[in-house]
Amino acid sequence: MDSAVGSRRVLGPAAALAAGPETVGGKAYNLARLAATGVRVPRWVVITADAFEQFALDGHAFPQSADDADAFRSQVAGRTLPADFVGEVSEAL
């Protein structure tokens, strides 16, 4: 991960490109690569893999089946995100 990314949990295209696929995932990284070459893409941001694990997984295993995914979706939908994280997302958008 690029040191400029630091502990930020919400990244735009340039920071996602600098952070690499380990931090932002393959889809976001490749979208950042496209944007960096001048391909027009819609405005977007990504939360880091660490932020996803911290807030969405919250110590639970990633779902392995459709039934697990339904339960996971319900668990995530019922959570309240920390105000500082909501602020990061709002600022990035």
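The values are calculated or read from the model by the stated rules, or taken from the named source; none is laboratory data. Note that the structure is predicted; figures quoted are calculated from it, not measured. Here the Cβ positions follow ideal geometry from the backbone for every residue, glycine too, while neighbour counts run over all protein chains shown. Surface accessibility is based on the protein's heavy atoms, side chains included, excluding ligands, DNA and RNA. Shrake-Rupley method; radii C 1.70, N 1.55, O 1.52, S 1.80 Å.
Of the heavy-atom accessible surface of the chain (probe 1.4 angstrom), what whole percent is carbon and sulfur?
Values: 3450 of 6180 Å².
Carbon with sulfur: 56 percent of the solvent-accessible area.
With the helix formula -39500 (n - 2.57) applied to DSSP H stretches of n ≥ 4, the chain reaches a computed 222 nm mean residue ellipticity of -14000 deg cm²/dmol.
Phi-derived couplings, Karplus 6.51 cos²θ - 1.76 cosθ + 1.60 at θ = phi - 60°, listed residue by residue for region 74-79: 5, 4, 5, 4, x, 8 Hz, with x used for Gly and Pro. Relative to the longest principal axis of the Cα atoms of the chain, the long axis of helix 83-92 makes an angle of roughly 30 degrees.
Taking 0.36 nm per intervening residue step and subtracting the Cα-Cα distance, what contour gain separates Arg73 from Asp50 on full extension?
Numbers: separation 23, 0.36 × 23 = 8.28 nm, distance 1.83 nm.
The span from Arg73 to Asp50 would gain 6.5 nm if fully extended.
For region 34-54 versus region 65-93, the inter-centroid distance based on Cα atoms is 17 Å. Remark on His60: its backbone amide H falls under 5 Å from none of the residues 5 or more positions apart or on other chains, H modelled at 1.01 Å from N. Label positions at Leu57 and Arg40, each projected 7 Å from the Cα along the C-beta direction, are separated by 3.8 nm. Contact order for the chain, expressed relative to its length and based on alpha carbon pairs under 8 Å spaced 6+ residues apart, stands at 29 percent. Using the Cα coordinates of region 27-93, the gyration tensor eigenvalues translate into equivalent-ellipsoid semi-axes of 27, 17, 10 Å, sorted from longest to shortest.
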